[in-house]
Amino acid sequence: MLRRIILMAASVLALAVAGIGQGAWAGASDQDVKTALAEFEKTNPKIGPFIKSAHGYAVFPTVGKGAIGIGGAHGDGLVYEKGKLIGSTTLGQITIGFQLGGQAYRELICFQNQQALDRFKGGNVEFDAQASGVAVTAGISFDAAYEHGVAIFTMAKGGLMYEASVGGQKFSFEPK
């Protein structure tokens, strides 16, 4: 009986995560990125000048994340240098710990200088549990800062996730 309940709960969660994060596996389009950037700026107008002053940035319009103990996340995005599209990128994440649920969110990574962007393009960027991001929320002060030449912003799109977990994000880059 308990096994049946666990199997049913896992099935429902898998279907929910698939629905929430369906855009995460569809590839990102330029229009998806424009929409995501507009939402970031609408939620907190101070992010616009921050993006414009960055040497480059990567935008993931939708990252789908789900977990039951062990979790994972995936998202496709586009990479820009000085406002010009230079390639596509993929985000992958595996986590372990106390976690349950599914959610979708947007992620924006700003690169302060050429060196930080080159590290990202070379696949030499991996954010671990120590990396800190800024959750972009309306009405909250915007205290963004670069750490090792990189600033990370996230914005919830939907879903519900309870977690106390560790893991890291890994990225790949494909030139245009």
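Computed over the alpha-carbon atoms, the stretch 26-116 gives an Rg to Rh ratio of 1.02, Rh here being the Kirkwood radius from the mean inverse distance. Remark: spin-label model distance K170-F98 equals 2.8 nm, labels positioned 7 Å along the Cα→Cβ axis. Label sites at K34 and N113, each approximated as a point 7 angstrom past Cα along Cα to Cβ, lie 3.4 nm apart. For the peptides 55-66, 99-110, 75-86, the ranking by packing is 55-66, 99-110, 75-86, with the highest mean count of neighbouring Cβ atoms within 10 Å listed first.
Every read-out reported here was derived from the displayed coordinates using simple, explicitly stated rules and does not represent laboratory data. Computed from a prediction, not measured in an experiment: that's the story for all the values here. Note: ideal-geometry Cβ built from the backbone for every residue, glycine included; neighbour counts use all protein chains shown.
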